[in-house]
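Read the structure below first, then the notes.
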Amino acid sequence: MSSLEVLSVASEVYPLVKTGGLADVAGALPAALRQEGITVRTLVPGYPAVLDALDVPERLHEFGDLFGGEARLLAARAAGLDLVVLDAPHLYARRGSPYLAPDGRDWPDNAQRFAALGYAAARIGSGLLPGLVPDVVHAHDWQAGLTPAYLRFGGMARPRTVATIHNIAFQGVFPAGLLASLGLPSESFTIDGVEYHGQISYLKAGLQFADRITTVSPTYALEIQTREGGMGLDGLLRTRSHVVSGILNGIDETVWDPARDEHLASPFDAQSLDRRAANKAALRARLGLAQDPRTLLFGVVSRLSGQKGLDLLLEALPVLREFGAQLALLGSGDPDLEASFRDAAAAHPGRIGAVFGFDETLAHQIQGGCDALLVPSRFEPCGLTQLCALRYGAVPVVARVGGLTDTIIDANEMALAAGVATGVQFAPVSTLMLAAALGRTAELWADQEAWRRMQRNGMMADVGWARPARHYAELYRGKT
Ligand code: ADP
Ligand code: GLC
């Protein structure tokens with residue numbers, strides 16, 4: 001097996017900067033690919049949190065002027081990753097979210113911030129750094145979307161390129177007037193180029209010019225080629241469907257390991273599921289929920305956004321309470337949803353507990369302590385929390401969309417009889433069907449022996465990165 005060099009280009013990477021699953025993927029895939037003989041370097045913006053983590057960075061290159069200021073490329077190892085950091089203080093020296101200003105809106109210069117990322121990636125891809133010339137450049141989401149466009153129009157030597165869609169809802173669309181200042185020629189501004197309804201779309205640029213397009217589950221790969229799921233890009237994706245594929249995400253099994261999880265009061269494995277009870281009790285104590293081992297405890301760990309369908313859960317809360325169940329929710333995002341869950345928790349103390357913000361520890365405690373994890377998403381490219389739930393013996397209750405379809409085996413009669421069920425799916429995604437799924441979960445909970453079986457099935461499911469990494473390796477090597 002010949003070795004291969006990949007430059008992965010991402011706007012967030014766990015554990016340095018994370019707003020969602022993209023960071024988890026960018027952070028975990030390189031180690032899994034190493035097993036496949038593939039060396040990955042990850043190009044990330046030099047946010048303060050990234051620069052703080054670098055020990056002795058090596059200066060690789062200086063850009064005299066990169067979109068309005070000096071910038072440099074640094075090489076360093078941090079958190080087990082080989083990083084190339086784009087240090088451009090005028091673009092990235094801002095604490096907090098990588099995308100949003102303190103007022104909660106996008107940074108006004110996001111067009112320049114992520115054009116710089118794509119431009120640097122393209123330059124590295126075409127041999128800027130001797131000794132670090134990748135065979136493949138892998139651009140994640142819209143933030144890295146211009147990479148293949150710069151390679152296409154820059155007259156540069158071209159490595160193979162892969163663009164991965166983690167979420168087609170975020171497309172990076174900016175005013176057409178920026179074209180020249182972004183260093184893109186006018187001939188790029190066509191329907192077969194970066195133009196999108198009179199504007200510039202970074203994601204479209206990536207999808208148009210990458211050699212291969214992937215997304216993060218087989219079902220989502222089909223959904224985005226439909227009018228309903230493509231969010232305006234389905235036509236392009238249908239035209240290029242011969243290069244589109246879906247590779248399921250995994251989770252980092254060292255970060256998500258219930259037997260060695262320091263966030264848990266009581267680590268456990270499939271042979272010691274009884275130890276979960278102590279985690280459930282600790283979680284209830286933390287959220288002020290009444291203690292009763294027989295009561296079914298649902299958990300949620302999620303961004304609060306329309307995508308995640310939690311407004312449906314709000315509407316279904318009376319049903320959840322009717323079944324005598326409890327809810328432990330951790331969420332961050334939309335202020336209106338947050339206010340509604342805060343009100344619900346205040347109205348039902350002991351039954352509904354909610355914590356707002358980004359809290360890694362509590363995320364682990366919910367996975368290790370709740371009985372069933374709810375993911376009622378309207379669309380879900382892959383979803384990682386249901387994979388964590390499988391590994392932690394929390395039975396996933398999920399909408400039958402995207403990667404949730406591909407990762408959970410519904411407890412229908414046949415699956416139960418065959419002993420292979422791992423969770424509950426519902427469709428279509430509506431309050432009514434979610435309520436029905438809550439009822440079905442309560443019925444399953446009533447048979448504790450069958451419930452245990454589902455937990456164990458889930459814990460045995462292969463949710464690691466080894467299998468998906470093999471698919472990426474084949475893709476990089478041009479074998480699929
Ligand atoms: P998305 O990327 O769409 O938000 P995923 O399920 O792919 O959804 O990934 C979400 C990741 O972020 C998971 O690792 C999950 O544990 C984590 N996460 C989501 N919300 C929170 C939160 N409020 N606090 C801590 N971790 C969170
Ligand atoms: C996006 C999607 C999520 C996916 C993650 C990682 O944030 O919303 O479904 O798991 O990217 O690929």
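The values are calculated or read from the model by the stated rules, or taken from the named source; none is laboratory data. Everything quoted here is computed from the prediction, not taken from an experiment. For neighbour counting, all protein chains shown are included, and Cβ atoms are generated from backbone atoms with ideal geometry for every residue, glycine included.
Points worth noting:
- Residue in segment 143-151 that is over 23 Å from I191 (Cα atoms), in the same structural domain as P15 (by TED's automatic domain parsing) and more than 16 Å from ligand 1 (Cβ to nearest atom) present: no
- Across segment 367-374, not a single residue is classified as without any contact (Cβ under 8 Å) to a residue 60 or more places away in the chain, of a type in the set (G, A, S), more than 11 Å from ligand 1 (Cβ to nearest atom) and over 21 Å from S305 (Cβ atoms).
- Residue among V85, V162, V133 that alone is on the phi < 0 side of the Ramachandran plot, among the β-branched types (V, I, T) and either outside the structural domain of F67 (by TED's automatic domain parsing) or out of contact with any Asp or Glu (no Cβ under 9 Å at 6 or more places or on another chain) (or both): V85
Here is a yes/no grid of residues against (1) touching a Leu at 6+ places or on another chain (Cβ under 9 Å); (2) in contact (Cβ under 8 Å) with a residue 40 or more places away in the chain; (3) surrounded by fewer than 23 Cβ atoms within 10 Å (Cβ to Cβ):
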site: V25; (1), (2), (3): yes, yes, no
site: Q35; (1), (2), (3): no, yes, yes
site: T39; (1), (2), (3): yes, yes, yes
site: L54; (1), (2), (3): yes, no, yes
site: P57; (1), (2), (3): yes, no, yes
site: D65; (1), (2), (3): no, no, yes
site: A71; (1), (2), (3): yes, yes, no
site: A88; (1), (2), (3): yes, yes, no
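- Odd one out for A344, checked against (1) buried (at least 16 other Cβ atoms within 10 Å of the Cβ); (2) closer than 21 Å to S430 by Cα; (3) within 16 Å of ligand 2 (Cβ to nearest atom): (3)
- Test result for A31, crowded, with 18+ Cβ neighbours inside 10 Å and either of a type in the set (A, V, I, L, M) or not assigned by TED's automatic domain parsing to the domain that holds L128 (or both): no
- Yes/no for L22 being under 22 Å from the mean Cα position of the chain (by Cα), within 16 Å of ligand 1 (Cβ to nearest atom) and either aliphatic (A, V, I, L, M) or within 15 Å of Y99 (Cβ to Cβ) (or both): yes
- Look at segment 109-137: where a residue is in contact (Cβ under 8 Å) with a residue 24 or more places away in the chain and a partner is assigned to a loop (DSSP other than H, G, I, E, B) and β-branched (V, I, T), sitting 6+ places away or on another chain with Cβ atoms under 6 Å, you get G127/V133.
- Members of segment 347-381 found to be surrounded by fewer than 24 Cβ atoms within 10 Å (Cβ to Cβ) and in contact with a Cys (Cβ under 6 Å, 6 or more places away or on another chain), listed by number: none
- Of residues in segment 208-235 being aliphatic (A, V, I, L, M) and within 16 Å of ligand 2 (Cβ to nearest atom), the one surrounded by the fewest Cβ atoms within 10 Å (Cβ to Cβ): M231
- Within segment 433-477, the residues that satisfy the criterion of being under 25 Å from the mean Cα position of the chain (by Cα) and either of a type in the set (G, A, S) or on the phi > 0 side of the Ramachandran plot (or both) are A437, G458, A461, G464, A466, A469, A473.
- Check on V44, within 25 Å of L179 (Cα to Cα) and not basic (K, R): yes
- When segment 8-41 is limited to residues that are more than 15 Å from ligand 2 (Cβ to nearest atom) and touching a helix residue (DSSP H, G or I) at 6+ places or on another chain (Cβ under 6 Å), the one that is farthest from P89 (Cα to Cα) turns out to be E36.
- Criterion applied to D334, D343, D292 was being farther than 20 Å from L390 by Cβ, in the same structural domain as V395 (by TED's automatic domain parsing) and within 25 Å of the chain's Cα centre (by Cα), and the one residue passing it is D334.
- When the helices (runs of 4 or more DSSP H) confined to segment 206-305 are screened for residues that are more than 30 Å from A139 (Cα to Cα), those reaching at least 2 such residues are found at 276-287.
- Single residue of T431, T407 found to be buried (at least 24 other Cβ atoms within 10 Å of the Cβ) and of a type in the set (S, T, N, Q): T407
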